[in-house]
Amino acid sequence: MKNRHLVCPLAAATALVLTGCGLLPGAADQHRTVTVWLMRDSVSEDFLQRFTEAYEAEHEGELEFTFQEWTGIGKKVTEAIRGEGGPDVIEVGNTQVAQYADTDKLYDLTLESVRDLGSEDWLPGLAEPGRIGGSQYGIPWYAANRVVIYHKDLFARAGVTKPPTTRAQWLDDTEKLNRDGSQGIYLAGQDWYTLAGFIWDEGGELAEDKGGDWAGALHSPAALRGMDFYKELQSLGSGPKNADEQTPPQAEVFARGDVAQIIATPSAVAAITKANPGLKDKLGFFPIPGKKAGQPCAVFTGGSDLIIPENAPERAAAIDVVKALAGEKWQSELARAMNYVPNKSSLASVVEGQEATAVMAVGAARGKATPNSPQWADVEAANPIKPYMTAVLQGDDPKQAAEAASAQITQALAE
């Protein structure tokens with residue numbers, strides 16, 4: 001391995017220029033340099049060190065990594081893929097691929113997906129957002145999704161001896177837990193990602209593609225059933241009806257010790273135990289229950305895909321980097337190092353010893369992503385789903401409220 005820095009200094013990590021690691025474009029360097037943009041904290045320095053050493057031992061050239069911030073990343077990536085000599089590989093949020101593909105500036109990785117990467121086994125919540133018009137532009141890299149985090153002592157006190165496996169049992173157990181000064185569940189009224197899972201579990205959608213024209217679908221019978229279940233579950237606690245899970249942060253509410261359950265990604269554990277170290281050994285996890293035993297609820301899958309711009313200076317080498325990062329060996333390494341769900345359901349066994357991650361992997365098999373429209377970001381910016389949820393929870397007519405929200409979604413997707 002060459003004697004050089006693997007990771008750019010964080011102070012210079014957000015620079016668009018490719019000199020951040022001391023490798024000057026056009027310098028008298030006989031080695032090919034593949035530039036890779038990753039999001040801050042996506043990987044550990046140790047993982048990146050090991051990957052780089054292994055990759056450079058097997059390939060000619062060098063890897064140059066630059067860390068980016070999520071804030072403002074959309075504009076930055078769009079400028080890079082439309083410009084000249086941009087990065088060769090970019091990590092993007094899985095739900096962002098559509099907006100970048102809409103520029104016609106991404107390289108089509110369909111062949112590599114089928115021939116080299118076993119795309120038939122990818123998690124749907126990562127694969128589907130990366131597939132636009134039948135072509136695969138985003139290669140699934142890692143996933144994370146919501147699970148139920150529960151307080152073991154409160155479960156035992158209420159006589160709930162094991163986690164529920166169906167929605168009906170979940171409601172019964174949560175009702176038992178919602179007494180004696182404890183909340184059965186803390187569920188904020190505007191946690192729309194959780195609502196999306198209930199809607200999908202009923203067979204509904206947030207929006208539907210009608211021959212190229214997107215339309216809001218919150219008013220469908222299936223979506224209304226999902227909202228009805230949300231309302232019933234939310235009533236078994238004291239979560240605010242007019243705020244989301246960050247107002248106040250639900251991890252801090254749970255840390256008080258009188259909440260039996262929250263729905264969150266396992267990353268919330270760090271905030272919980274920081275606020276209340278005494279809960280460290282009292283936390284358990286289970287997949288969000290579905291309508292039938294043995295089939296957990298559909299969940300929103302967050303995570304990242306890898307894209308290659310059409311203007312990538314080292315496209316062939318970039319493809320090799322993506323194939324390595326998304327391949328089984330480094331998927332397994334990444335999942336263990338970062339507590340991520342790997343990109344294939346067949347790799348779920350690599351995290352079996354990590355309780356929370358293993359539970360995430362169970363749910364991820366039924367994961368989905370937000371509607372695959374380039375304009376979906378506009379929907380989230382105004383987010384008519386949140387006030388719709390509050391209106392229903394406060395007693396408004398569900399169908400009328402849903403129709404109004406669907407109309408707003410349709411308008412945003414048409415712009």
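The values are calculated or read from the model by the stated rules, or taken from the named source; none is laboratory data. Note that the structure is a prediction, hence the values are computed from the model and not measured. No Cβ is skipped: glycine too gets one built from the backbone with ideal geometry, and neighbour counts run over all protein chains shown. Note: areas computed on protein heavy atoms with side chains; ligands, DNA, RNA excluded. Shrake-Rupley method; radii C 1.70, N 1.55, O 1.52, S 1.80 Å.
Consider G211 carefully, then state whether it is farther than 14 Å from K368 by Cα, open to solvent by 60 Å² or more (accessible area, probe 1.4 Å) and without any contact (Cβ under 8 Å) to a residue 12 or more places away in the chain. The answer is yes for G211. Among the residues of the stretch 201-257, the ones that are part of a loop (DSSP other than H, G, I, E, B) and touching a His at 6+ places or on another chain (Cβ under 8 Å) come to 1 in all.
Table: residues versus (1) surrounded by fewer than 17 Cβ atoms within 10 Å (Cβ to Cβ); (2) modelled with pLDDT under 95; (3) at positive phi.
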residue	(1), (2), (3)
R4	yes, yes, no
L16	yes, yes, no
T19	yes, yes, no
M39	yes, no, no
R50	yes, no, no
E53	yes, no, no
A57	yes, no, no
E62	no, no, no
Q68	no, no, no
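Of the candidates Q234, Q295, Q246, the single residue that is of a type in the set (S, T, N, Q) and touching a Leu at 6+ places or on another chain (Cβ under 6 Å) is Q234. Of all residues in the stretch 356-388, those satisfying the criterion of being in contact with a Leu (Cβ under 6 Å, 6 or more places away or on another chain) and either over 17 Å from V299 (Cβ atoms) or without any contact (Cβ under 8 Å) to a residue 60 or more places away in the chain (or both) are S373, Q375. Taken together, A326, A260, A270, A293 contain a single residue that is buried (at least 24 other Cβ atoms within 10 Å of the Cβ) and either free of Cβ contacts under 8 Å to residues at least 60 places away in the same chain or within 30 Å of G203 (Cβ to Cβ) (or both), which is A260. Using the structure shown, decide if A222 is surrounded by fewer than 20 Cβ atoms within 10 Å (Cβ to Cβ), more than 23 Å from the chain's Cα centre (by Cα) and under 24 Å from G302 (Cα atoms). Considered against the rule, which asks whether it is surrounded by fewer than 20 Cβ atoms within 10 Å (Cβ to Cβ), more than 23 Å from the chain's Cα centre (by Cα) and under 24 Å from G302 (Cα atoms), A222 comes out as yes. In the stretch 171-191, of all residues being in contact with a strand residue (DSSP E or B) (Cβ under 8 Å, 6 or more places away or on another chain) and of a type outside the set (A, V, I, L, M), the one that is surrounded by the fewest Cβ atoms within 10 Å (Cβ to Cβ) corresponds to S182. Of all residues in the stretch 66-86, those that are more than 26 Å from Q49 (Cα to Cα) have Cβ atoms under 8 Å from Cβ atoms of residues that are open to solvent by less than 40 Å² (accessible area, probe 1.4 Å) and assigned to a helix (DSSP H, G or I), 6 or more apart or on another chain, in G74/Q96; T78/Y100; I81/Y100.
Each residue in the stretch 343-361 was checked for being open to solvent by less than 10 Å² (accessible area, probe 1.4 Å) and in contact with an Asp or Glu (Cβ under 8 Å, 6 or more places away or on another chain), and 0 of them qualify. Please tell me if Q190 is over 18 Å from N145 (Cα atoms) and of a type outside the set (S, T, Y). So Q190 fails the test. The criterion of at least 3 residues that are in contact with a strand residue (DSSP E or B) (Cβ under 7 Å, 6 or more places away or on another chain) is met, among helices (runs of 4 or more DSSP H) falling completely within the stretch 330-398, by 355-364. The conditions of being small (G, A, S) and open to solvent by 20 Å² or more (accessible area, probe 1.4 Å) are met by A337.
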